[in-house]
Amino acid sequence: MTGTVTTPMRGVMGPEGLDALVRSLAGRGYRVVGPLARGGVIVYDDLASADELPAGWTEVQDAATYRLERRDDEARFGYPVGPHSWKQFLLPARVRLWQARRRDGDAPEIVEESPPDRPFAFVGVRSCDLHAIAVQDRVLLEGTYVDRDYAARREGAFLVAVNCGTPGGTCFCTSMGTGPRAESGYDLALTEILEQEHRFLVEAGSKRGAEVLAELGAHPATEEDVEAARRVTDDAAHRMGRQVEAGDLRDLLARNVENPRFTAVAERCLTCGNCTLVCPTCFCTSVDDVNVLAGDAAKRWRRWDSCYSVDYSYIHGGSVRPSSRARYRQWLTHKFGTWVDQFGTSGCVGCGRCITWCPVGIDVTEELTAIRATDGEVDSAHA
Ligand code: SF4
Ligand code: SF4
């Protein structure tokens, strides 16, 4: 985001303004990505026009439960978040980092991957996911080591936030202080207002956001529009599917590493890693080097990995987390505890994806509440 604006510039437009938005972003050279209903889920993919938005669809979510349902209106953003997150574009599941070719009598030629040809414009970024992008920025851009591939993909990305009016059954952003209203980190923020006339309040959060807003044919926003938009997020905040007491989680987990709840949850956990793959902040990766049989060329690929994989914690002689109990504990205590020590923020933004997409319905809010209820208890079989 460039040139933050201090006084938000606002406008109001009808649903047809969304097509002007997609055209404006594409015309400015962005690769426009947004939500589509495809294959029974809401996915994020290239948007050719606003007609592809999932008009009239919503998601029903609970632990290990997800389905699309028709709404009784034509809301374009009337669902919470699906299995995809913006991570798949900024930190793709598999990416080639470089390839090398042997040259006779000379050093091998190493060709690094080119950066993307166009910056991204993400349309429909929820507040929880704005926070998730900020968390990954902190890890991959703002620490000692900068991830070059992430930096190239993140460079110049234009973020169109959508203030959430439809929280899901597994959402708990209000507990984590990450939503449902986008407060910063966006270029434009939309609030979809369905009462009376179907319209969008559009607010610019950056100079270039204001430039795009000026092209959308929006009318000046009235106080009534601003109040109606405020009601959308106020109502959403009261309809969160889940809640968790989050203020002291770091300390709670630090003193409960031998809590019996870890043994109980390990009896259900399949260590499949789904929760880490759908999580918008999880960033663990491994690299695979692939050589051709002739021995004259090689490629290095990076792929998502997971703390639930036994190989991921393999150190000479074996894994340091050989049991599912150890791996679940690592995930939970890192996400909500030691992440704070490392990066100064929680690793969880309350999006609920890990609850929805856990095949056995393990619910992080339930686990944290159970640990709090048994604070200080020790599983003597493992201590
Ligand atoms: S908590 Fe659920 S999603 Fe995560 S590894 Fe265990 S079974 Fe898989
Ligand atoms: S831990 Fe779960 S709820 Fe938290 S950000 Fe990751 S997927 Fe979302």
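Structural remarks
- Farthest toward positive dipole pole in the chain [+1 Lys/Arg, -1 Asp/Glu at C-beta], among F262, F89, A132: F262
- Highest mean packing first, where packing is the average number of other Cβ atoms within 10 Å per residue, the peptides 166-178, 105-117 line up as 166-178, 105-117.
- Estimated from helices alone, the mean residue ellipticity of the chain at 222 nm is -7500 deg cm²/dmol (sum of -39500 (n - 2.57) over DSSP H runs with n ≥ 4, per residue).
- Over the chain, relative contact order from alpha-carbon pairs under 8 Å, at least 6 apart, %: 22
- Difference of contour (0.36 nm per residue) and Cα-Cα distance, A20 to D104: 24.8 nm
- FRET efficiency, R255 to V360 (Cβ-Cβ, R0 30 Å, nearest 0.05): 0.65
- Bridgeable aspartates and glutamates around K207 (alpha carbons under 19 Å apart, same-chain partners fewer than 8 residues away excluded): E155, E183, D187, E215.
- A simple rule links phi to the HN-Hα coupling: the Karplus curve 6.51 cos²θ - 1.76 cosθ + 1.60 with θ = phi - 60°, which for region 46-52 gives 4, 10, 8, 7, 5, 5, 7 Hz, with x for Gly and Pro.
- Spatial offset of region 221-295 relative to region 73-130 amounts to 20 Å, using the alpha carbon center of each.
- Basic side chains Lys and Arg get +1 at the Cβ, acidic Asp and Glu get -1 at the Cβ, and with that the dipole of region 243-370 about its Cα centre reaches some 140 debye.
- Counting neighbouring Cβ atoms within 10 Å and putting the fewest first, the residues Y66, Y186 line up as Y66, Y186.
- D248-H316 pseudo-label distance in nm [points 7 Å out on the Cα-to-Cβ vector]: 4.3
- Around the Cα centre of region 1-123, unit charges on the Cβ atoms of Lys, Arg, Asp and Glu (plus for the first two, minus for the last two) sum to a dipole of about 280 debye.
- Per-residue extension of 0.36 nm, minus the Cα-Cα distance of A381 and D137, leaves a gain of 83.8 nm for this segment.
- Taking a straight Cα-Cα cut-off under 18 Å and skipping sequence neighbours fewer than 8 places away in the same chain, the lysines within cross-link reach of K87 are K335.
- Extension gain for A297 to E155 (0.36 nm times residue separation, less C-alpha to C-alpha distance): 48.1 nm.
- Cα gyration tensor shape for region 319-383, rounded if a/c is under 1.5, else prolate or oblate: rounded
- Its Cα centre serving as origin, the chain has a Cβ charge dipole (Lys and Arg +1, Asp and Glu -1) of approximately 980 debye.
- Shape call, region 244-319: gyration tensor on alpha carbons, a/c limit 1.5: prolate
- Lys/Arg +1, Asp/Glu -1 at C-beta; region 166-290 dipole; positive extreme among S206, A182, T271: T271
- Nitroxide proxy distance, nm - points 7 Å out along Cα→Cβ at S323 and R96: 4.4
- Dipole of the chain computed with +1 at Lys/Arg Cβ and -1 at Asp/Glu Cβ about the Cα centre; of W98, V160, P359, farthest Cα towards the positive end is W98.
Just so you know, all these numbers are worked out from the coordinates, no wet-lab data involved. Note that the coordinates shown come from a computational prediction; the quantities given were computed from them, not determined experimentally. Note that we place each Cβ from the backbone using ideal geometry, even for glycine, and neighbour counts take in every protein chain shown.
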